[in-house]
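Colleague: Structure provided below as structure tokens; questions to follow.
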Amino acid sequence: MPICPEYPESGAPPGKSVAIFETFRHHGFVWWLVGVLSREKRSMRTSLFAVVATLLFSVAVVSATLMTAAINPPIARAQDTAQRQYVGNSKCKICHNKPSEGEQWTKWKDSKHSHAYELLSSDEALQVAKKIGLKTKPNETPRCLGCHVTGYNTETKSAPADIKLEDGVQCESCHGPASEHLKDGKKLMMMKDRSGFDVYAHILKPDEKTCRTCHNDKNPTYDPKRYKLEDGTTADFDFKQAYAKIAHPNPKHEKKDQ
């Protein structure tokens, strides 16, 4: 006769201990330990003790893991990007436009990126649209808006709720959705001891691959001779030169790196 009517194959102790066992039934160590004790026909008290002991062990492991995560938050990767939301550049401006930190928001505002949506209404854009056979205006075409507006979804034909079309290519186009970074910033403001806390753990550092999302041969204005390289050859894109055009360093960070 099975020890536990609800879980006949498990060998779990009956009665009140079933709730505990159900909570941790996916924990490999519990399965192994209780199974061994049951096969050896140990007393019910011994089996229950094993479950409780394992429960305490699991709680200790989880607590240690959470403490480690609090001290060293995980760096944002592709898999958690979906959990983050776009917040809009006005939120970025709150912390990232201080003179002491390089007025980063202002530098973005003065760049061509911030006028990317506006560019779609220019005569140049209309000429390109005609050349490639667009039947709609560039500023109404998902294919164009996908690269000229932050977070624009070409399938749903819409931008995120907090993103304004007229702001063009803003901070989160390169650094990723900033909702978690915003939360980290608020946490940092409340902390007395900030050592070990990485406020940039949930923000992305753009690289050439990031830029290539839009600056590639699928761009209707693609020009294989757009950039002249140091060795005298030409290329459609050069990360070093392109990055220099939009550089917005934080003096405080540069001092730490020296």
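The values are calculated or read from the model by the stated rules, or taken from the named source; none is laboratory data. As the structure is a computational prediction, the values presented were derived from the model and not from experiment. Counting neighbours? That spans all protein chains shown, and the Cβs are built from the backbone with ideal geometry, glycine included.
Colleague: I want to confirm something. Restricting to region 109-143 and keeping residues that are over 31 Å from the mean Cα position of the chain (by Cα), of a type outside the set (A, V, I, L, M) and assigned to a helix (DSSP H, G or I), which single residue is surrounded by the fewest Cβ atoms within 10 Å (Cβ to Cβ)?
Modeller: The first filter runs over region 109-143 and keeps only residues over 31 Å from the mean Cα position of the chain (by Cα), leaving 121-137.
Retained after the next criterion (residues that are of a type outside the set (A, V, I, L, M)): 121-124, 127, 130-131, 133, 135-137.
Narrowing the set further to residues that are assigned to a helix (DSSP H, G or I) leaves 123-124, 127, 130-131.
On the way: Asp123: 7, Glu124: 12, Gln127: 10, Lys130: 10, Lys131: 10.
Looking at residues that are over 31 Å from the mean Cα position of the chain (by Cα), of a type outside the set (A, V, I, L, M) and assigned to a helix (DSSP H, G or I), I get Asp123.
Colleague: Out of the residues in region 168-207 that are on the phi > 0 side of the Ramachandran plot and more than 11 Å from the chain's Cα centre (by Cα), which is surrounded by the most Cβ atoms within 10 Å (Cβ to Cβ)?
Modeller: Taking region 168-207 and keeping what is on the phi > 0 side of the Ramachandran plot, we get 168, 176, 196.
Filter again for more than 11 Å from the chain's Cα centre (by Cα), leaving 168, 196.
Working: Gly168: 23, Gly196: 9.
This residue is Gly168.
Colleague: Determine whether Tyr243 is under 30 Å from Ala129 (Cβ atoms), within 22 Å of the chain's Cα centre (by Cα) and not assigned by TED's automatic domain parsing to the domain that holds Lys91. Working first, answer last.
Modeller: Details: under 30 Å from Ala129 (Cβ atoms): yes; within 22 Å of the chain's Cα centre (by Cα): yes; not assigned by TED's automatic domain parsing to the domain that holds Lys91: yes.
Yes.
Colleague: Shifting gears a bit: For residues that are surrounded by 15 or more Cβ atoms within 10 Å (Cβ to Cβ) and in contact with a helix residue (DSSP H, G or I) (Cβ under 9 Å, 6 or more places away or on another chain), scanning just region 144-157, find the one that is farthest from Gly88 (Cα to Cα). Break it down into steps so the answer makes sense when it comes.
Modeller: Filtering region 144-157 for residues surrounded by 15 or more Cβ atoms within 10 Å (Cβ to Cβ) gives 144-152.
Remaining after also requiring in contact with a helix residue (DSSP H, G or I) (Cβ under 9 Å, 6 or more places away or on another chain): 144-145, 147-152.
Working: Cys144: 20, Leu145: 16, Cys147: 16, His148: 15, Val149: 11, Thr150: 9, Gly151: 10, Tyr152: 12 Å.
By that ranking, first place goes to Cys144.
Colleague: Quick check on my filter: what residues within region 211-240 are more than 30 Å from Lys130 (Cβ to Cβ) and of a type outside the set (Lys, Arg)? Reasoning before the result, please.
Modeller: Of region 211-240, the ones more than 30 Å from Lys130 (Cβ to Cβ) are 229-233, 239-240.
Of everything in region 211-240, those that are more than 30 Å from Lys130 (Cβ to Cβ) and of a type outside the set (Lys, Arg) turn out to be Leu229, Glu230, Asp231, Gly232, Thr233, Phe239.
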